[in-house]
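No value in this document is a laboratory result; all are computed from the given coordinates. Everything quoted here is computed from the prediction, not taken from an experiment. Cβ sites come from the backbone with ideal geometry, for glycine too, and all protein chains shown count toward neighbours.
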Amino acid sequence: MSRAAGSPGAADVGATGTTGAGASNGTVGAIVLTGGRASRLGGVDKARLAVGGRPMVETVLRAARAVATAVVTVGPGGDTREEPPHSGPVAGIAAGLAALPQGVGGVDVVVVVACDLPGLDAATLGTLVDTVRTSGVAAALGVDAAGHEQYLLAAWDRRALAARLARLEASGGTAGRPVRALFAPVDGGAGGGETHDHDDDNSSHPEFLHVPVGDPAHDVDTWSDLARRGPVALAHIGPVLAAALDPVPAVHRAPLTAVGAVLAESLVAAEAMPRGRVSAMDGYALAGSGPWRLTGSARRAGDDSAAVLDPGCAAPIATGALAPVGTERVLRHELVEVAPGTPALVTALPDAEGVDDLRPVGEDWPVGHALAPAGTVVDAALASAALSAGLPEVAVRGPVTATVVTTGDEVLPAHTPNPLPPGRIRDTVGPLLPAVLARAGFGAAPALPRAMEHCPDTAAAFSELLRRPRAAGEVLVLVGATGRGVADHLRPALEAVGARIVVNGVRVRPGGSQIVAALPGGGVLLGLPGNPLAAVSAAATTGRALVDALTGRQRTPVFVQTHDVAALSHPGRSRILPARPDGTGSWNLAERVRTAHLADLAGATHLALVPEGAGPGDPVELVAWI
Ligand SMILES: Nc1nc2c(c(=O)[nH]1)N[C@H]1C(S)=C(S)[C@@H](COP(=O)(O)OP(=O)(O)OC[C@H]3O[C@@H](n4cnc5c(N)ncnc54)[C@H](O)[C@@H]3O)O[C@H]1N2
Ligand code: MOO
């Protein structure tokens, strides 16, 4: 995790800032925990994950600075660190407290917050601080609307926090302790350790108060937590979809009918390659040492008769033929000389030194050899190899299928002749989407051009379309209506039919308004923005991530160095730009694109994914879009 941007350095600790929102009879300090391994987020730098366009840690720091005169970040690159590193939040809080100003003029209330609270605001922290000050409890902690405690959203009486940390330190140390240990009952204390709702009468003098704060108590622990908070980064679509959608069930298929599907299990050879001792060349099977008498009968591929070759003898043998019993070596005919006679004599030429054209059983692979891991796409070569390995069937998922439906009452079929009525346009993207989706990994594109299904701009038509029963793994690809305009029925219809939205916008241009949702009738919706270039970009990128999520496909991305990536990059969102080879091993990216047509994509075989905030020399991912 990098240092929290804008976090105060050690010199800033104790600097004067905004005073607490509560009745102030001392100063407020804040400990912001930025560490943690983010294991359910694939180990990303959680603090820097952006929600609403701002890294979560910046939101939390902004709120903390509004109520506290001293703010300490604890974590890698922060003001201080837990000891030892990665020893958990309690050790982090101990390190943070030690870094806050002590003694006269020091803090009397300590706010303890995690960095992953993107809904946090100053008012919430002010309420917690006020609660501690006015009630005299050890700590006030936030709870969400469902009543779940958020231990890392609390305001503490400094002395109570110090005492509890000292107690834990004395009984095994603070390292590795769960944060709830700080709230554990203290033996002998009247009402010790009890937590009470804020509204309770406090006759039993609880040590802790629950303060209902609602959304600010929701942390981001998973990809689904992140996606619920609005547009996700282009780079995070894959993990967000994988976390939100179940893969389609695995089925068994004959290898050649599984091309395009994804291995659900590793492909393990049932038979060795080769299965028997066979000749790699047309030549002579040889037994014992030479010269050899050519007495054996010729051996052809497919002949499994019980022929025996005696020592000192040779027999003609064909490529792929099983060697007769007794064969010790095979030499291709270029490497021997055959002298006529009765019998003829076979002699090895000098170049035969060290050569043996007899293939032992399992020379290429033994029984049980894993030819490809789960997640591999079955291509023609792998299907063929599965046959070589004696597999009548392979376990696969997919291919998933796509049904393309256009929207927009202004959109007329692609073949509509001139003159078009004013304000109307032709469908210039629907007919080619099947090919783009096929490139992304969906099942084979139907023949083009084909009649597109079109959904009229009415709420009823959208609801009917979204409710229609669909097979698992069928993706409804809708073009347009993803916006929030007067004619955009998709979002209201998704809500009306009870769909589960899993991606609600992506931080990318073009294509930012795209939507992915699990549909009530089965299947998944991929809502593409209506502008043709945005639709193609989203189909190529989110489309392939959907295939990955639904099939378990593992892909190796293609990264390249390009010219001017830093100049082309935007700080807050990715860009998708047409890419063309420059003829010298690098790529030229279009500087800008117009999205209402595909003219800027003509001749560009690839789309370049320019990461947000890219620096000079940063790699760019290339996606073959068609
Ligand atoms: N207030 C805002 N308005 C819009 C924004 C925005 O951020 N704020 N973003 C713009 C961008 S960028 C896009 S992309 C679109 C996405 O919205 P929709 O998915 O609802 O797209 P539509 O409004 O349905 O269509 C947009 C555009 O594309 C034309 N279109 C639609 N389908 C086809 C087709 N099959 N073939 C050719 N052209 C098509 C449609 O006529 C519109 O002109 O929102 C912008 N607005
Ligand atoms: O998604 Mo819009 O067309 O960014 O271009």
Legend entry - Residues of the range 318-335 with amide N under 11 Å of the 7 Å Cα→Cβ point at ALA298: 318
Legend entry - Other-chain or far-sequence residues with amide H under 5 Å of CYS313's (modelled H): ALA287, ARG293
Inset, instruction - Round to the nearest 10 and give me the degree value, 0 to 90, for the angle of helix 122-135's Cα axis relative to the longest principal axis of the chain. - result: 50
Legend entry - Nonlocal amide H pairs with TRP587, under 5 Å, H built at 1.01 Å: HIS563, ASP582
Inset, instruction - With a Förster radius of 51 Å, plug the Cβ-Cβ distance of ILE626 and VAL186 into 1/(1 + (r/R0)^6) and report the FRET value to the nearest 0.05. - result: 0.15
Inset, instruction - Report the label-to-label distance for ALA98 and THR319 in nanometres (one decimal), using points 7 Å from each Cα along the Cα→Cβ vector. - result: 7.4
Legend entry - Environment charge of ALA344, counting only residues whose C-beta is closer than 11 Å and scoring Lys/Arg +1, Asp/Glu -1: 0
Inset, instruction - Along Cα→Cβ, 7 Å out, is where each label goes; now give me the distance between the ones at GLU353 and ALA567 in nm to one decimal. - result: 6.2
Inset, instruction - May I ask you to evaluate 6.51 cos²θ - 1.76 cosθ + 1.60, the Karplus curve with θ = phi - 60°, for each residue of the range 226-232 and list the ³J(HN,Hα) values in order in whole Hz, giving x for glycine and proline? - result: 5, 5, 5, 8, x, x, 9
Inset, instruction - Evaluate the distance, in nm, between pseudo-label points positioned 7 Å from the Cα of ASN418 and of ARG54 along their respective Cα→Cβ axes. - result: 5.3
Inset, instruction - Compute the FRET efficiency between ALA170 and ALA496 as 1/(1 + (r/R0)^6), taking r as their Cβ-Cβ distance and R0 = 60 Å, and round to the nearest 0.05. - result: 0.55
Legend entry - Chain lengthening between ALA146 and ASP364 when straightened (0.36 nm per residue, less Cα-Cα): 72.5 nm
Inset, instruction - Starting from the amide H of ARG299, placed 1.01 Å from N in the peptide plane, find each other amide H under 5 Å away whose residue is 5 or more places distant or on another chain. - result: ILE317, ALA318
Legend entry - Per-residue HN-Hα couplings for the range 552-567 [Karplus 6.51, -1.76, 1.60; θ = phi - 60°; Hz; x = Gly/Pro]: x, 4, 9, 10, 9, x, 9, 10, 9, 8, 10, 6, 6, 4, 5, 5
Legend entry - Whole-Hz couplings from phi, Karplus 6.51/-1.76/1.60, listed for the range 45-50; x for Gly and Pro: 6, 4, 4, 8, 4, 9
Inset, instruction - For ARG159 and HIS86, compute 0.36 nm times the residue count separating them, minus their Cα-Cα distance, and round to one decimal in nm. - result: 23.7 nm
Inset, instruction - Grab the beta carbon distance between GLU328 and SER463, set R0 = 60 Å, and tell me the FRET efficiency rounded to 0.05. - result: 0.20
Legend entry - Over the chain: helical MRE at 222 nm, DSSP H runs n ≥ 4 each giving -39500 (n - 2.57), nearest 500: -6000 deg cm²/dmol
Inset, instruction - May I ask you to compute the full-extension gain from ALA339 to ARG37, defined as 0.36 nm times their residue separation minus their alpha-carbon distance, rounded to one decimal in nm? - result: 101.1 nm
Inset, instruction - Write down the percent of antiparallel bridges among all DSSP beta bridges whose residues are both part of the chain, to the nearest 5. - result: 55
